[in-house]
1. Before we move on, is Arg135 open to solvent by 60 Å² or more (accessible area, probe 1.4 Å), closer than 30 Å to His33 by Cβ and not in a helix (DSSP H, G or I)?
2. Suppose the filter is polar (S, T, N, Q), out of contact with any helix residue (DSSP H, G or I) (no Cβ under 7 Å at 6 or more places or on another chain) and at pLDDT below 95; does Thr92 pass it?
3. Does the stretch 148-158 contain any residue that is at positive phi, open to solvent by 40 Å² or more (accessible area, probe 1.4 Å) and of a type in the set (Gly, Ala, Ser)?
4. Name the residue, out of Arg30, Arg35, that is open to solvent by 30 Å² or more (accessible area, probe 1.4 Å) and either among the acidic types (Asp, Glu) or in a helix (DSSP H, G or I) (or both).
5. Of everything in the stretch 43-80 that's aliphatic (A, V, I, L, M) and not in a helix (DSSP H, G or I), which residue is surrounded by the most Cβ atoms within 10 Å (Cβ to Cβ)?
Amino acid sequence: MFLNIFLLGLTAVTLAGFWLLPGGVIDLRRLAHGRLQVDLRPAYGADTVYAMLDAYGNRGRVWFGRMLRADLVFPMLYAATIWTLAASQSATHAHPATLLAQGAGIAAAAFDELENILLLRILSVYPARHAWFARLAGAMTFAKTCGLLMAVGVLAAGIA
């Protein structure tokens, strides 16, 4: 129980940091004239990625790069949180829903890591444009979103 509370708290504090710290989501959103950054959308295409990077300017691109590097650790944290929460909901045996929540959490984290790596690659060669990488990053974001929704949905339903 302590581990669940600790991981849930750490996940919440990390999310708050991503949003509230200087150069975070709120600052990037301001630079992009109110538009939400790509990795927080359910999906996107190449035009959206490059429109955001253009809107960010040099300072925003530096902030976004820092955030992406920090986000290389975050998927491991939320996957561990999902894993332990699901395991604690069915402590006596491996219920199929537990395995579904855990698998979806791990898959979401893997897709998130790939998304971050692709976006860092795109950022590293900017202003050159590689539409294929951007489309693939968007597909990883969609897959991450689906995995997270499935894992959280199973946990919230309490059927794990």
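The values are calculated or read from the model by the stated rules, or taken from the named source; none is laboratory data. Because the structure is a prediction, the values reported are computed rather than measured. When we count neighbours, we look across all protein chains shown, and the Cβ atoms used for this are built from the backbone with ideal geometry, even at glycine. Just so you know, the surface numbers come from the protein's heavy atoms only, side chains and all, with ligands and any DNA or RNA stripped out. Shrake-Rupley method; radii C 1.70, N 1.55, O 1.52, S 1.80 Å.
1. So Arg135 fails the test.
2. Working: polar (S, T, N, Q): yes; out of contact with any helix residue (DSSP H, G or I) (no Cβ under 7 Å at 6 or more places or on another chain): yes; at pLDDT below 95: yes.
Taking the combined requirement at face value, the residue satisfies it.
3. Pass one, the stretch 148-158, residues at positive phi: 158.
Next, from what is left, pick out any that are open to solvent by 40 Å² or more (accessible area, probe 1.4 Å): 158.
Filter again for of a type in the set (Gly, Ala, Ser), leaving 158.
Checked the stretch 148-158: at least one residue is at positive phi, open to solvent by 40 Å² or more (accessible area, probe 1.4 Å) and of a type in the set (Gly, Ala, Ser).
4. Values: Arg35 fails: either among the acidic types (Asp, Glu) or in a helix (DSSP H, G or I) (or both).
Step by step, each of Arg30, Arg35 is checked, and only Arg30 is open to solvent by 30 Å² or more (accessible area, probe 1.4 Å) and either among the acidic types (Asp, Glu) or in a helix (DSSP H, G or I) (or both).
5. First, the residues of the stretch 43-80 that are aliphatic (A, V, I, L, M): 43, 46, 49, 51-53, 55, 62, 67-68, 70, 72-73, 76-77, 79-80.
Then keep just the ones that are not in a helix (DSSP H, G or I); that gives 43, 72-73.
Working: Ala43: 16, Leu72: 13, Val73: 11.
So, considering only residues that are aliphatic (A, V, I, L, M) and not in a helix (DSSP H, G or I), the one surrounded by the most Cβ atoms within 10 Å (Cβ to Cβ) is Ala43.
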